[in-house]
Structure formats: structure tokens, C-alpha cells
Amino acid sequence: MVTTTIGRQTEVVALTERVKKRKDEYLSAPVRICAERSRLVTEAWKETEGEPLIMRRARAFQKIMEGISVSIRDGELIVGSQTRYIRGSGPAVDYRPDDVFEMFRASKLTLQGVAPAEVSEAEKESLLADAAYWKTRSASDAASTAEHEVFGSTIDLLRESRVVSGADGRPTSPRIVDYGKVLDKGLKGIIEEAEKRLARLTFYEAKDADRFYFLKAAIICCKALVSLAHRYAQRAGEMAREETDPVRKRELEEIADICRRVPENPARSFQEAVQSFWFVHLAVNLEPASDCETPGRLDQYLYPFYERDMREGQITPQEAAELLGCLWVKFVEREHVKGALVKDTAMSSQYQDVTIGGVTSDGKDATNDLTYLILEVTRQLRTAQPPIYLRCHSGTPEELWMKAVQVNLDRGDGMPAFLNDQAVLLNLVGRGVPLPEARGWAGIGCVLPVVPHACGCDTFLIFSTCKIFEIALNNGVDPRTGKEVGLKTGDPRDFRSFEELYDAFKTQFEYFLGVLTRRDNLYKQVRNRYYDLPFTSALIDDCIEHGLSYLQGGMRYPQLSWGVSDRGNQNLADSLGAIKKLVFEDKTIEMGELLGALKANFEGKEKLRQMLLAAPKYGNDDDYADQVFDDLSLWLQRRWGQEKHVLGHPVRLGRGGSTQHYAMGKM
């Protein structure tokens, strides 16, 4: 087998026979819909009727950890699976039961809208029964009821016209918990921290009862994950006693020892650290049955264990590469049942984004040997998960640049992505994050920068500025449906200047902004009465100290956590620029002629279409087009920043990747 240089003159094979076998098993395995988590969380909810919400969520998490199937695949070194199937997942029935009904009504059964999936009749019946139970009890149903009481059918009309994306499809957006804290202190240390905070409660403060229940819930959840690890230890021990191959027998015995120790206790080795990380990652994903849990700066919090093992002769780069190869297969196994909206807007990604490189808290280059090793494992395995983000700054080593470019070239898929450290630091410091903490940033979702484990992102409101402009061109009417969804801002044929047209767009935007941000705040306030994530919150900075979950505002930087995402601005700028130049400046096209051509989808109007295509376009270093785009983009940013979310901070604008453009563009 050919070894490969990874940087700093070290050669490894990450795609060993063991890892290749595991990867091939995944690729050839059928995709399965699993009812196990759904059944467990539904049973827990029935058993905890009348208890406080946060305690019910903790008991549901405990039920999952104590009841989910324990499976160890042949040859695995890192263990822990979300279902008994190699490729399988269950829906978030407790958050949005409609996903189950939609899934079984669809012409093609899938997990993520791509590969066809299978489900047994027994599991299908179980899922439908669970969904029926949750139909009047879930957060999404409660939010939908409140929405219609407040807004009537207005929001439905805006979804139908695609001014805004459809119903809220997932329990939460990307988040990063404090993996490093678990590696260093163990869950035992976090339990002790919660117990000490619990002992300090005086019950003289208004929220002390809420703190009491949250801290109890956090303790229950941490102990529950320990129980899952111990179940894996027991299973590995049983398999070891039955194993006849002496090499595999020793591996299983070591796995049993490791699972008895972590994540309950601090990790003592690189393998323990990787296993501890994976248990936490698996649990944070099982808690909501969602995608979007992000590992963050993996090369930073795993490095001390790698460096110590290397220094003490306990591991070689080759052994570490194989461990990471096993971990990469676990990443790709972690799938998610996506509802119709999420299939449309997020397709198959799981957003398990690994950020590498960057700087330390004192501004020095953070590159280490693990940075190079992660890149090489990514190059050799060629798996879709995890996505790799490389933080680039003025001190990034040339060797790292060249390694990253080579990986990008060999894979041919844009991985790793290259992110600008300086621009992000300016953004985060401008939002009130101290520079040393801002230097620890990582990318989540579509490369949105956050301070790891100091905030927990909520779902973003997704706007289509192109659709709003189309409605402005049609005096408040959606031309696709013929329904009046906006304001009467005037017939564009009567406009005598570009400014009048631009103002009509801004007026429509202001109207939709007011309606939809009010609706978004209503949704989040109602959602928080029916849904919470105590385990995730226990691993986010300051939630234990504040005694509140991150959804209730217990996190350190809530100003980073809620936001909006406007889509189509480049297309809108091109449209505005073309009309500005050809209709109002050059006067080579009349507005009525243009509107007629749009209505006919340019049928019989090819000459006019070519004139519009030839107008200045953003992205070509054209000052005319750039000025139109810059004015639009900055106006939108300033306007968004005037809105506030439910915790009282200005709304954050995130302009990320491509998939939401696809969903919006279809309309």
C-alpha cells in the first residue's frame, strides 16, 4: 500500500484495509428508516405527563441513551451509532410530526431526498402512531396554531409565493458544544459543576425555580450519556469473550476499557479523546434527531492528546491516521431524516463542519501536526462528511497553503474551503466578542462564523429578495399565483425614474420584513414553551452558570445566535442594473415592453432578452454593476440590523452557501 506525505515529511495511509472495508460497507448498505428513537421519546413523553418541560426533555434524552440499540461493526475502532442500521436514521417526530406523514405520502421514500430508503411495515406503523400522538403536542404544531391565530393566512400566502421559505423544518440550526471541556474534565466534571451551581440557588431570584429544573435536567442528561458509553463497554466485552481472532479480541477489550472510562472521565490518550468526542457528537445529534451539530476546531482540542501520545511513544502518525479514518466513516454514517422543506433547502449535507488552522487566542498561528493529518485523511477517504474549513490569515504557513490546495485539487470538490480570518474577526469583535475569544471562531452551516460553544444558533429566517422585486414589478401581486401578497406600490409603467422603482422595492421589502420578523419571533417564543435541549445546553458556555438552556438565553453570546438569510441579491442587483441602464438611462427599452416580455417568459422577445443579458453584471469587475450591488447589499444589511430578535439583540445577517438559492430560485 502506498504511503503519502501529509506535511512536515510524515507519511501515512488513512485508507487502510480496515477503513476501506468500513467505508465500502457504508456505501453498499441499504438506507433504512428507523423507528427506535421515535418510539423511545414518545414513551418517555407519556411517562412524564405533568412534569416541567426541561425535565421531560431530559427524561426523553435519558430514555434514548438507555434504550437505543448498541451496535459495534466488524473492525471498528471508534464505536457508537444512531441506529442498528449501518445507514439509518429516524425522524424528529417530537418536533415536527408532519415530516412522518409527508415522508410516507411522497412518491419516493428517502432520508435526505437523494438515495431511496426502506422501512419495515412494523416500523412504518410505529412511526405513524407516534406522529399521530405528537400531532397536537409538538412545538411545530403549537407554533403553527399561534401563527394562524395572529396572522391568519398571510404567512401561508408568503410561503406559497416563496417570499420566505416554507414551514420551520428542523428543531435547531448549527451549533458547537464544548467537546474540549468533556475531553479535559469528563462529564463527571460537568455534573459536579452543575451540582455546585444547584447548591448555590437561594430561590430569592425570580428564575431560580427554572434554574433548579434546568440544572437537574443537565445532570440527568450527562449521566444518561455515561450510561450509553457503559452499554457499549459491556457489548465490547461480550464480543471480546466470543472473539477467536487474538488481534480483534485485544481491540475489543481495549474498546471496552475506553468506553468504561470516557466520556465520563477525562481522556488520557488520543484514542480515548476521539472516542469521547464521538459519543458527545452522537448524543448531541440524537437529542433533537436533527442535522447541524458541528465539531468545530477539531485540530485544536484533539491536538494535546495526539502530541502527548506522540511524545511518549504511545501512538504513531499511521495509527492516528487510521483512527481518524474510522472517525470519518462514522461521520458519513450519521444521516438524518429530512422533511420536505429541509430536503429542498439543505439537500444531503449534515453540516458536520470541521474548522482547522487559524490562530490561537493570543494571535499566533494555530497550525499543528493534526491540521496536516486531518487534511490528508480528508484527501484519502474522499467522503462527503465532514466538510473541512481552513481558516487563512497572514501567518498561515506556506506548507499548509500548498497542502490544502493539493487536497482541493485531488478531491475536485472544493474541500477544504478557504475562510478569511481577518474579515471574520472584524465581524465578531464588532458584535461585542472580545478579541481573544473571537480568535477561536469556527464555521458552521454555510460557513457562518461563530464562537464555539459560546452560542447556539437558532433557525434562520430565509428571504427571497428576487421574489420581493418581482412583486414590486407587479404592484403587490404574485404573478405566478395571481394573488395580492404585497402592497400597492404603483404601476412601474408610471415610474419616471429608477429611484421610484428602487423605492417601490424597498417599500415592499419593509412590509414583508415587518410581517415575517414578527412571525419569526412569535414562532421562537412559542417553540421555547414546547421544546428544549438540556444536554446540548449543558455543554454551551455559561448555560450552567446562568442556570438556563441556550434556547432560553443562557449562552454567553446570544447576539450571535438568531438571524436571517436574504437570498438572490446578486440576481436582484443584475436586474436592477439592467433596468436602470436600459430603461431609465439609455431608454432603449420601455417599461411596458419589459413587463410584457417577463409575462411571456421572453417568448418572441429574444432580441430584448439578449439586450438584458448584455447589460453590466455583478462579478465581472464592472464598476457600474458593483455600485448597484454594493448599494443594495449595504442597505439590506443596515435594515436587517434595525430588527431585534426575541432576546433583544439585533438580528444577524448570514449569507451562506448555495442550496437555499436553488430552493428559492425554483420559484
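Report, by residue number, each residue of region 264-296 that is under 19 Å from residue 333 (Cβ atoms) and assigned to a loop (DSSP other than H, G, I, E, B). 287, 288, 289, 290, 291, 292, 294, 295, listed by residue number. Name the single residue that is farthest from residue 56 (Cα to Cα) among those in region 513-568 being of a type in the set (D, E, K, R) and assigned to a helix (DSSP H, G or I). Top of the filtered list is 518.
Test residue 36 against the stated conditions and say whether it is more than 26 Å from the chain's Cα centre (by Cα) and either modelled with pLDDT of 95 or more or among the aromatic types (Phe, Trp, Tyr) (or both). The answer is no for residue 36.
Within region 397-415, residues that are aromatic (Phe, Trp, Tyr) have Cβ atoms under 8 Å from residues that are at pLDDT 95 or above and surrounded by fewer than 20 Cβ atoms within 10 Å (Cβ to Cβ) in these pairs: 401/392, counting only partners at least 6 apart in sequence or on another chain. Among the residues making up region 489-504, a single one is of a type in the set (Gly, Ala, Ser) and open to solvent by less than 20 Å² (accessible area, probe 1.4 Å): 504. Of everything listed in (1) assigned to a loop (DSSP other than H, G, I, E, B); (2) among the small types (Gly, Ala, Ser); (3) surrounded by fewer than 22 Cβ atoms within 10 Å (Cβ to Cβ), the single unmet condition for residue 486 is (3). The residues of region 569-592 that are among the charged types (D, E, K, R) and surrounded by 14 or more Cβ atoms within 10 Å (Cβ to Cβ), listed by number, are 574, 580, 581.
Could you run through region 599-634 and say how many residues are in a helix (DSSP H, G or I) and either surrounded by fewer than 14 Cβ atoms within 10 Å (Cβ to Cβ) or without any contact (Cβ under 8 Å) to a residue 60 or more places away in the chain (or both)?
Step one: list which residues in region 599-634 are in a helix (DSSP H, G or I), which gives 599, 606-614, 623-634.
Right, trim to either surrounded by fewer than 14 Cβ atoms within 10 Å (Cβ to Cβ) or without any contact (Cβ under 8 Å) to a residue 60 or more places away in the chain (or both) and you get 599, 606-614, 623-628, 630-631, 634.
Here the count works out to 19.
The residues listed here are 391, 411; of these, the one that is over 20 Å from the mean Cα position of the chain (by Cα) and either basic (Lys, Arg) or surrounded by fewer than 22 Cβ atoms within 10 Å (Cβ to Cβ) (or both) is 411. Restricting region 106-138 to residues that are of a type in the set (Gly, Ala, Ser), modelled with pLDDT of 90 or more and not in a strand (DSSP E or B), the residue that is farthest from residue 47 (Cα to Cα) is 120.
Taking the listed residues 67, 152, 90, 75, the one that is open to solvent by less than 50 Å² (accessible area, probe 1.4 Å), small (Gly, Ala, Ser) and without any contact (Cβ under 8 Å) to a residue 24 or more places away in the chain is 152, with no other qualifying.
Residue 202 meets the conditions (1) modelled with pLDDT under 95; (2) open to solvent by 60 Å² or more (accessible area, probe 1.4 Å) in every case but one. The failed one is (1).
The values are calculated or read from the model by the stated rules, or taken from the named source; none is laboratory data. Bear in mind the structure is a predicted one, so any value in this text is a computation, not a measurement. Because the Cβ atoms are built from the backbone with ideal geometry, glycine has one as well, and the counts that use them run over all protein chains shown. The accessibility values were calculated without ligands, DNA or RNA, using every heavy atom of the protein model including side chains. Shrake-Rupley method; radii C 1.70, N 1.55, O 1.52, S 1.80 Å.
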